[in-house]
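To start, I am sharing the structure in question, which I have written as structure tokens.
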Amino acid sequence: MSETADSAILEAEAIRSGYHGVTVIKGLDFEVGNEIFSVLGANGAGKTTLLATVARLIPLMAGRIHFRGEDVSELPPFETAERGIGYVPQEKGVFPELSVFENLTVGGMIGERSPEERMDEVFQLFPDLKVLLNQPAGTLSGGESRMVAAGRALMQDPTLLLLDEPTAGLSPLYVDMFFEKVTEIHESRGVGIVLAEQNATKALEVADRVMVLSLGESFLIEDAEHLTTQQLKEGYRI
Ligand SMILES: Nc1ncnc2c1ncn2[C@@H]1O[C@H](COP(=O)(O)OP(=O)(O)O)[C@@H](O)[C@H]1O
Ligand SMILES: [Mg+2]
């Protein structure tokens, strides 16, 4: 069992968050290192709320979040992005009125390296985007706009990338492609990944460690290869 990361990039201590005074995330403790850390759980378990909390889009009700040793609990989202937390939301990951090129350029406004160099790297990962550069992002297919959203986040040169159900609603071909890209982003670019997923089978294939969320609480944190079907079923309450 591996409850802690070898060397933590992100440390969440007793975090609580929610909406309009209603607690959804109920005191979670976890660490993420340079790994693929998958957050699994049934619909409504709190995956989206958790990722949005780490990205600092939802205020903390209690607890602290440290990123690369710094307390980022009170920082606004653009500052966490500057520090290296990339976030690809479950929905609305692109600016629909802006072209693909402009969407990627917005991501490139953060960081030191030349935007051209970073955009070339995004094209290596998602070659399909090259022919869509002038198209308004709002006219893209689901799979294409997921690539733009991921590309925009990668343009920020993140140390940690939060991906919220990147394959939800996509055709099987795109699903397989996206899981391959997640592995590639981690392995060839050294980016840590927090991957919220409902597709447990696929997520377990790519993840190093897994947290199963159940009603806003951590049911367990385990090495992906050691997670049993029984544990998964209990975590999903099925
Ligand atoms: N904007 C919101 N306002 C109020 N409640 C919300 C909002 N978004 C999500 N919730 C509630 O928070 C809980 C967790 O939702 P969510 O984080 O979206 O779960 P998941 O991503 O695992 O499906 C659910 O009970 C949901 O109804
Ligand atoms: Mg969700």
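The values are calculated or read from the model by the stated rules, or taken from the named source; none is laboratory data. These numbers come from a predicted model, not from an experiment. Counting neighbours? That spans all protein chains shown, and the Cβs are built from the backbone with ideal geometry, glycine included.
Confirm whether L60 is in contact with a strand residue (DSSP E or B) (Cβ under 9 Å, 6 or more places away or on another chain), crowded, with 20+ Cβ neighbours inside 10 Å, over 20 Å from L232 (Cα atoms) and touching a residue at least 24 places away in the same chain (Cβ under 8 Å).
no
State yes or no: is T167 closer than 20 Å to K92 by Cα, among the polar types (S, T, N, Q) and buried (at least 22 other Cβ atoms within 10 Å of the Cβ)?
When the stated conditions are applied, T167 passes them.
Within the group A8, A12, which residue is within 16 Å of ligand 1 (Cβ to nearest atom) and in contact with a Gly (Cβ under 9 Å, 6 or more places away or on another chain)?
After applying the criteria, what remains is A12.
Is it fair to say L162 is more than 13 Å from K181 (Cα to Cα) and touching a helix residue (DSSP H, G or I) at 6+ places or on another chain (Cβ under 6 Å)?
Judged against the criteria, L162 is a match.
Right, something else. Having 2 or more residues that are closer than 29 Å to S17 by Cβ is the bar; report the helices (runs of 4 or more DSSP H) wholly within segment 109-225 that clear it.
142-154, 172-189, 200-206
Scan A14, A8, A45 and give me the residue that is farther than 24 Å from S145 by Cα, within 16 Å of ligand 2 (Cβ to nearest atom) and either without any contact (Cβ under 8 Å) to a residue 60 or more places away in the chain or in a loop (DSSP other than H, G, I, E, B) (or both).
After applying the criteria, what remains is A45.
Evaluate segment 162-170: report whether one residue or more is away from ligand 2 (no atom under 16 Å from the Cβ) and touching a residue at least 12 places away in the same chain (Cβ under 8 Å).
The answer is no, given that none of the residues of segment 162-170 is away from ligand 2 (no atom under 16 Å from the Cβ) and touching a residue at least 12 places away in the same chain (Cβ under 8 Å).
If you check L104, L75, which single one turns out to be part of a helix (DSSP H, G or I) and either under 29 Å from A224 (Cα atoms) or out of contact with any Ser or Thr (no Cβ under 8 Å at 6 or more places or on another chain) (or both)?
Among L104, L75, only L104 is part of a helix (DSSP H, G or I) and either under 29 Å from A224 (Cα atoms) or out of contact with any Ser or Thr (no Cβ under 8 Å at 6 or more places or on another chain) (or both).
Suppose we filter L28, L51 for residues that are within 14 Å of ligand 2 (Cβ to nearest atom), modelled with pLDDT of 95 or more and either within 28 Å of T167 (Cβ to Cβ) or in a loop (DSSP other than H, G, I, E, B) (or both); which single one remains?
The match here is L51.
If I filter segment 31-42 down to residues being part of a strand (DSSP E or B) and either crowded, with 22+ Cβ neighbours inside 10 Å or among the hydroxyl-bearing types (S, T, Y) (or both), which single residue comes out as nearest to ligand 2 (Cβ to nearest atom)?
Result: V39.
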